[in-house]
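First the structure, in the form of structure tokens, and then the observations on it.
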Amino acid sequence: MYKVLIPKTISNTGVEYLLEKGCEVIIGAPSSPDDPRLEDCDAILPGGKSRIKYDKDVLDRCRNCKIIANFSAGYEHVDAVYAEQAGIYVTNAGTANSNAVAEHTLFLLLACAKNHEIMSKAAYTGSFSIRATVFNLELQGMTLGIIGFGNIGQRVAKKAVHGLGMKVLVYSPSLTKEQLPEGVQLAADKDEIYRIADFISLHVPLTEETMHMVSKEQFDMMKPSAYIINVSRGGIIKEEDLITAIEEKKISGAGLDVFEQEPLPVDSPLFRYENIIISPHCAANTVQALENMELYAAKDIWRVLNGEEPEFPVNHPEKNRMQGKPDRRISND
């Protein structure tokens with residue numbers, strides 16, 4: 001039978017699916033890169049905060065592994081390029097949490113527009129006179145700039161256009177005008193979004209190219225009335241420069257679900273500002289998304305172990321390790 005290592009289960013949906021298929025499921029995080037369980041498993045189902053970094057050395061030890069199926073959208077803990085060379089598929093959760101993260105993006109956007117932190121504290125302290133000095137924004141007719149137009153970015157755009165009446169301007173390197181849905185315009189480059197948008201939402205993976213993609217140069221381009229939203233990965237925004245931009249009133253605020261260091265230190269300067277709305281990396285933490293994330297990953301594992309293509313690959317091995325391997329599936333005879 002196939003052996004599947006699941007360092008941490010989040011809903012048991014994937015575990016139950018694989019057990020029904022006759023797999024041996026091993027639950028528990030590897031204690032180190034030398035953990036013998038890594039050498040013997042046919043597949044691994046880790047999450048976005050994996051304790052183990054699946055780099056070249058670790059992947060070489062995973063000699064039987066055919067697929068690493070992540071239950072998260074991010075997969076920065078896996079060297080997907082080397083895995084491809086080694087014949088190992090790497091997949092992510094695909095669309096499993098797309099709607100949850102898109103909804104959370106709009107939550108942060110609305111929280112910024114409605115001065116949620118300021119208004120909430122005023123209500124709790126009985127300071128209703130704040131209505132005479134602090135005014136909120138209506139989003140209808142305002143411009144939302146979206147950088148990265150995958151599953152989540154597309155859902156955010158649709159909800160913003162049809163639900164809030166916003167104008168949406170997007171940038172993604174491979175995107176063409178013909179691929180855009182109704183009500184969405186294509187930006188010539190990222191700089192156009194930084195210059196024009198009232199709200200900017202980031203939906204890109206964390207890579208060497210996107211690390212600190214938004215820093216002083218970008219904040220200097222933005223309108224003083226603009227807000228930036230990040231529900232993708234910490235590190236895409238250079239937090240030191242964000243704080244400077246807030247202090248110098250280069251932008252009006254931010255909505256953040258992800259951070260360079262998690263959990264945030266108790267003395268983080270991000271806590272000082274009421275116009276920085278913070279949530280604890282929980283955008284995907286809905287009941288529905290958590291169930292789907294593990295299940296989608298498990299289904300891709302079963303596809304690959306049966307010689308099929310995964311539904312949500314992030315790499316494309318020319319020759320997968322399943323080819324020419326003996327069948328280890330449990331017999332039904």
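The values are calculated or read from the model by the stated rules, or taken from the named source; none is laboratory data. Bear in mind the structure is a predicted one, so any value in this text is a computation, not a measurement. We place every Cβ from the backbone using ideal geometry, glycine too, and count neighbours over all the protein chains shown.
General remarks:
- Residues that are closer than 22 Å to E76 by Cβ and surrounded by fewer than 21 Cβ atoms within 10 Å (Cβ to Cβ) within the stretch 240-257 comprise E240, D241, listed in sequence order.
- For the stretch 124-131, the criterion of being out of contact with any strand residue (DSSP E or B) (no Cβ under 7 Å at 6 or more places or on another chain), of a type in the set (K, R) and either within 25 Å of E209 (Cα to Cα) or touching a residue at least 12 places away in the same chain (Cβ under 8 Å) (or both) is met by none of the residues.
- Checked against (1) part of a helix (DSSP H, G or I); (2) in contact (Cβ under 8 Å) with a residue 24 or more places away in the chain, F271 passes all but condition (2).
- Residue tally, condition assigned to a helix (DSSP H, G or I) and in contact (Cβ under 8 Å) with a residue 60 or more places away in the chain, over the stretch 142-166: 1
- Residue match in the stretch 47-60 (condition: modelled with pLDDT under 95 and more than 23 Å from G234 (Cα to Cα)): no
- Scanning the stretch 144-175 for residues being closer than 23 Å to S225 by Cα, surrounded by 17 or more Cβ atoms within 10 Å (Cβ to Cβ) and not aliphatic (A, V, I, L, M) gives a total of 6.
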